[in-house]
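I have placed the structure first, in the form of structure tokens, so that the comments after it can refer back to it.
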Amino acid sequence: MIAIVDYGVGNLASLEAALRRAGADDVRVTRSHVDILTAKAVVLPGVGRFGHCASELRRLGLDVMVRVARDRGIPLLGLCVGMQLFFDESEEDPGTPGLGLCRGRVRRLRGDVRVPHTGWNQVRIVREHPWLASVPDEAYFYFVHSYAVEPVDECAILATVQHGGALTAAVGSDGLLGLQFHPEKSGAMGTAALHSFVSATSG
């Protein structure tokens, strides 16, 4: 079972449908601690403000569950603000801690660029990850964000997108992947991105 963490944020039904299109036959939108810790994989969505997402996750005790799942080696996928929550903090809401699963911070988009960065843009793969195996280099994905992650360790960056310079589009390590774009809104390429994750965690 793939558990989508339900903390009241994000288009959960759309994400569930996207995972099923990608080949997942058992997907559950849940805030059950038992579900999360017995899942084959966990997906952390997120839409809106970093602080609101972090506060709701913490209010429901789901921040602890996500950390425990990570500690137990349960595969973890973060999407949009869900990916940003992997990090220590965000300029959007100073003083509100993230999950601290990845070292680094989230910063507002800089320079003379449109904010938010909205629409289709090419993603450049800079480092391989098994959960991105189905994604070709320079494929287009759909973005909606005003902030981007800046990892302490640049080796965590798997893909970038150009918007006034190179921004982090994907981060990852063993058993963890974060995507700044919305795969559930990215058509066939979004399905391809989720397919690798589903395939790798369905065994």
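Since every read-out is calculated from the coordinates, none of them should be taken as a lab result. For clarity, every value in this text was computed on a predicted model and none was experimentally measured. Glycine also receives a Cβ, built like all others from the backbone with ideal geometry; neighbour counts cover every protein chain displayed.
General observations
- Taking the Kirkwood radius as Rh and the Cα radius of gyration as Rg, the chain has a ratio of Rg/Rh equal to 0.93.
- If the chain linking S55 and A13 were pulled fully straight, counting 0.36 nm for each residue of separation and taking away their Cα-Cα distance, it would gain 12.9 nm.
- Each Lys and Arg contributes +1 and each Asp and Glu -1, all at the Cβ; summed about the Cα centre of the range 37-166, the dipole is approximately 280 debye.
- Residue-by-residue Karplus 3J(HN,Hα) for the range 82-91, coefficients 6.51, -1.76, 1.60, Hz, glycine and proline x: x, 5, 4, 5, 4, 8, 6, 6, 9, 4
- Note, ³J(HN,Hα) from phi for the range 41-52, Karplus 6.51, -1.76, 1.60, rounded to Hz, x at Gly and Pro: 7, 10, 10, 10, x, x, 9, x, 7, 4, x, 5
- Summarising the label geometry, the points placed 7 Å from Cα in the beta-carbon direction at V34 and V68 lie 1.3 nm from one another.
- With the charge dipole of the range 41-173 set up from +1 on Lys and Arg Cβ and -1 on Asp and Glu Cβ about the Cα centre, the Cα lying farthest toward the positive end among the listed residues V66, V81, P130 is that of V66.
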